[in-house]
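The values are calculated or read from the model by the stated rules, or taken from the named source; none is laboratory data. Quick caveat, the model's predicted, so the values are computed rather than measured. Glycine gets a Cβ as well: all are built from the backbone with ideal geometry, and neighbour counts include every protein chain shown. These area figures cover heavy atoms from the full protein model, side chains too; ligands, DNA and RNA do not enter into them. Shrake-Rupley method; radii C 1.70, N 1.55, O 1.52, S 1.80 Å.
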Amino acid sequence: MVTSTAAATNSSSGSARHRTIARSAHYLCNCTMDFQSDDRAVVETYFIARMRMGPEAGGHRAMLVDEGNDKAQSDLIVEVCGRYADRFERRDDEWRIARRITIFDFSESRPAPPAQDNQTWAHGVRGPADPLYRHYDPAS
């Protein structure tokens, strides 16, 4: 599963966190399941997240990037690789995550190059202005 979105600079849609991250893509990769019983499993899922974060990302940026005393005022490309270590439990015939530990295996940041978006492409934005929503409109 791949999700990729870009937040419009002045967008009022989406969460406050999403409005401060200019672009992001979050990839879920290999997943292993170890069934401990008929109602319990330990699941490990690898992830890769790639984000373009400006200074307005504030605490979200600080959580992922150690800038020390040098609080850069430019956008960064931040890449994070890790694993979700989950304990699933089956309750009333539904499997749910009972506990999650997010393990950060690798993180890297670097200055973002100037945006070079091809204007002929359909570009993602968070919320109803995203091209995906055209499929929900029966008139289109």
Residue by residue, what Karplus-based ³J(HN,Hα) values in Hz, rounded to whole numbers, does the stretch 113-122 have, using 6.51, -1.76 and 1.60 with θ = phi - 60° and x for Gly and Pro? x, x, 4, 10, 5, 6, 6, 8, 7, 7
Keeping all protein chains in place and using 1.4 angstrom, which order do TYR136, TYR27 fall into by accessible surface area, from largest down? TYR136, TYR27
Can you pull the Kirkwood radius for the stretch 93-140, inverse mean 1/r over Cα pairs, to one decimal in Å? 16.1 Å
Where does each of 113-125, 34-46 land if you order them by average Cβ count within 10 Å, highest first? 34-46, 113-125
Residue-level accessible surface for GLU89, protein heavy atoms, 1.4 Å, Å²: 40 Å²
